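Here the structure is laid out as structure tokens; the discussion comes afterwards.
The values are calculated or read from the model by the stated rules, or taken from the named source; none is laboratory data. Bear in mind that the values here come from a model prediction, so they are computed numbers and not experimental data. Heads up, the Cβs are rebuilt from the backbone with ideal geometry, glycines too, and the neighbour counts pull from every protein chain shown. Calculation scope for accessible area: heavy atoms of the full protein, side chains included, ligands and nucleic acids excluded. Shrake-Rupley method; radii C 1.70, N 1.55, O 1.52, S 1.80 Å.
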2 protein chains.
Amino acid sequence: MKRTSEHTIKDIAEALGLSPSTVSRALQDYPHTSQATKARVREVVEKMGYRHNAVAASLRNNKSRTIGLIIPRISMYFHAEVVTVIQNKLHESGYHLMICQSNDQPDLEKELVNALYSARVDGLIVATTSTTTDFTYFDIFRKNHIPLVFYDRVPKDYPSHKISGDEYQGGLEATLHLLEHGCRRIAHIGGPLTSNIYRDRYMGYLAAHERYKVAPDPDLLFFHELTKDNALKTGKALLARKHPPDAIFACNDTTAIALLGYAREIGLDVPGDLKLVGYSNDPRTEIITPSITTVEQFPRQIGEKAAQLILDLIGDKQKPVKGYINLSHPIELIRRNSS
Amino acid sequence: MKRTSEHTIKDIAEALGLSPSTVSRALQDYPHTSQATKARVREVVEKMGYRHNAVAASLRNNKSRTIGLIIPRISMYFHAEVVTVIQNKLHESGYHLMICQSNDQPDLEKELVNALYSARVDGLIVATTSTTTDFTYFDIFRKNHIPLVFYDRVPKDYPSHKISGDEYQGGLEATLHLLEHGCRRIAHIGGPLTSNIYRDRYMGYLAAHERYKVAPDPDLLFFHELTKDNALKTGKALLARKHPPDAIFACNDTTAIALLGYAREIGLDVPGDLKLVGYSNDPRTEIITPSITTVEQFPRQIGEKAAQLILDLIGDKQKPVKGYINLSHPIELIRRNSS
């Protein structure tokens, strides 16, 4: 059988005895093409399986009406929330969203940037991997004036539009809260310091200690991918020590939830023996007993801003963009029973 | 500035004084093209912003090496798990995954089918909306022999490959479990009966009652979108009745979790006053107090099978596919403290 992809407007025109330009106009629903012609073209298109050529269409319209999105993992609560809002907002404006997961791997992220570029998206929204340090593979978007917006995990020095939470303030308030409650040996379990979000939360942790004139014990600092398995490994080692911490500030809720489960398992009272603060306000932190103190990042507002910005940039492409937008969204400490 | 999309291989060839076919070979990394030529072409490509034409490339290779996926919502635990496995498996075989959310709306689902077709995906994996009844917009894939696999929410009568859980067995075991524990007024909160999964779970619920010679009270049957808000609305009305149910079989865990929270709020003891069973084994059901009895659907195994099937179909496109594969994966009732 002839491959679908090999049928062109010319084949359809020949089959119908029409000119290719008439077929093209019919396919694009031009007002001056008769309904009868449009119906005939549609019928043959369906029979022959002509694949509406996205490239040809977008050459004419300059739009694929599709936005690409790359996130580390869709299973992360924060990103799932952001994506939902972005999609709904784009949908209202007649845009589709194609979502790709980098699995937090820079190599895969690079491939996806190129795949979405080839798929001719009209714009790209990205939360980078936590270990991306070379952002030059995003140049293909930037240099070609295709709107590019980073959110949450944003490249510090790469010239681009960025929307993130106030991670420094999050780390500061979480740690101050534990210091206020008398904790002096606060373990910090963070993600890779190559990532702005983990770097800033850690800076906040340090600043809080400075305010209280407490020197944080370097043996209580951990930086690794924040998975459940890693949390248990670190938690077990940490709580088996002769001088265990009196509190843990975990830089995501998955880590905090795993630690709470383990603490209960070994008979520790939370918050009596160990206070615990997480990060993201994942709904699980509210339903677990005791409920976990955490930092609300307002993913819906961040998603709203990212979607609005990419729509503004697409609409405004004629004018050169003057400078880059860099937004920081406030956070809020949610006090619960784990601290 | 000249639009990126208007640059062709010809422009690049002219700029370099090479033939278009040499440029094309360099772009495709042909072994007989010199490294020096490839480097020159790459440099100009980057400068001019030539967008590697996905259509031209796939006409030649017959592959975009991209698979499309349409699911109701990525925030649903079951689908997030399936997607993770599918992506990892496809990645091992050199395929990218582009994920689109239908928001459980047939109109949007239809648009996405066409958008992914135009994006020239090599295959499509779909869990339909719960209210899709007209599946003809998938014909464009089927008729053109582009592999199409449905999972979980599959069209009963539409000719296609299907992988789903044994939903009937899930409904049966969940309800039998409650009947065994003495419940005789078991409310059923299900999703729209247009969806195979909710229809089959309901059939299982009825079959269990038949085995026990118990006539289910029609006033205890509810079918609506299974959101938290709907759960609270139905739960409030149901538990305020003179003759409330002694158990609820909720067809997803979001509903079961919302009902448990509400039952606690009004002072009901679960499982003493009310027994509760959910569906999906969402991790939240394990960490909540009391933990919730639920049905494990094995999303990872279903994702594994869906990915393997689409890869087999892509590899095997030369041969006409004889008949359609229709797999049903076993479920497992996870007994916990809510029942």
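Burial annotation for the range A:71-94: residues with an accessible-area loss of at least 50 Å² between the isolated chain and the complete set of protein chains, computed on heavy atoms with a 1.4 Å probe, are A:Ile74, A:Gln87, A:His91. Averaged over the residues of A:109-117, the number of partner chain Cβ atoms lying within 10 Å of the residue Cβ comes to 3. Springs join every pair of Cα atoms under 10 Å in this Gaussian network model of chain B, and among B:Thr175, B:Thr136, B:Thr294 the largest mean-square fluctuation is at B:Thr136. The angle between the Cα long axis of helix B:196-211 and the main principal axis of chain B comes to about 30°, on a 0 to 90 degree scale. Based on the Kirkwood approach, the hydrodynamic radius assigned to the range A:220-339 is 16.4 Å, with every pair of different Cα atoms included. Divided by 2.2 N^0.38 Å, where N counts the residues, the Cα radius of gyration of the range A:108-186 comes to 1.50. Once C-alpha pairs closer than 8 Å and six or more residues apart are averaged by separation and normalised to the residue number of chain A, the relative contact order reads 16 percent. Accessible surface comparison of A:Arg73, B:Arg201, A:Arg40, probe 1.4 Å, protein chains only, largest first: the order is A:Arg40, A:Arg73, B:Arg201. Per-residue surface analysis assigns A:Asp166 an accessible area of about 50 Å², computed on protein heavy atoms at 1.4 Å probe radius.
Give me the base-10 log of I(q)/I(0) for chain A at each q in 0.06, 0.07 Å⁻¹, Debye formula, one uniform scatterer per Cα, rounded to two decimals. Taking Cα atoms of chain A as identical point scatterers yields -0.31, -0.40. For B:Asp134, the distances from its label point to the matching points in the remaining copies are 5.2 nm, ordered from shortest, with each point set 7 Å beyond Cα toward Cβ. A Gaussian network model of chain B, with springs between Cα atoms under 10 Å, assigns the largest mean-square fluctuation among B:Ser280, B:Ser19, B:Ser102 to B:Ser19. In the context of the full set of protein chains, residues of the protein assembly as shown present 43 Å² of accessible surface per residue (probe radius 1.4 Å, heavy atoms only). Computed from Cα atoms, the angle from the helix A:35-48 axis to the main principal axis of chain A rounds to 70 degrees. Near B:His96, the amide H atoms lying under 5 Å from its own belong to B:Thr66, B:Ile67; only residues 5 or more places off or on other chains count, and H is placed 1.01 Å from N.
Would you mind classifying the range A:74-152 by shape? Square roots of the alpha carbon gyration tensor eigenvalues, ordered a ≥ b ≥ c; an a/c under 1.5 is rounded, otherwise it is prolate if a/b is larger than b/c and oblate if not. Oblate.
Taking A:Ile140, A:Ile71, A:Ile314 in turn, the Gaussian network model of chain A (Cα-Cα springs below 10 Å) assigns the largest fluctuation to A:Ile140.
What's the whole-number percent of alpha carbon pairs in the protein assembly as shown lying beyond 48 angstrom? I get 22 percent for the Cα pairs in the protein assembly as shown exceeding 48 Å. Could you tell me whether the range A:167-296 comes out rounded, prolate or oblate from its Cα gyration tensor? Rule is a ≥ b ≥ c as square roots of the eigenvalues, rounded for a/c under 1.5, then prolate if a/b exceeds b/c, otherwise oblate. Because its axes are fairly even, with a/c under 1.5, the range A:167-296 counts as rounded. With all pairs of different C-alpha atoms in the average, the Kirkwood value for the hydrodynamic radius of the range A:147-207 is 12.5 Å. Residue by residue along B:130-143, Cβ atoms of other protein chains within 10 Å of the local Cβ number 1 on average.
Here the accessible area is traced with a 1.4 Å probe on the protein chains. For chain A, carbon and sulfur cover 50 percent of it.
To the nearest 100 Å², how much accessible surface do chains B and A cover up together, summed over both, with a 1.4 Å probe? So the buried area, both faces added, is about 4600 Å².
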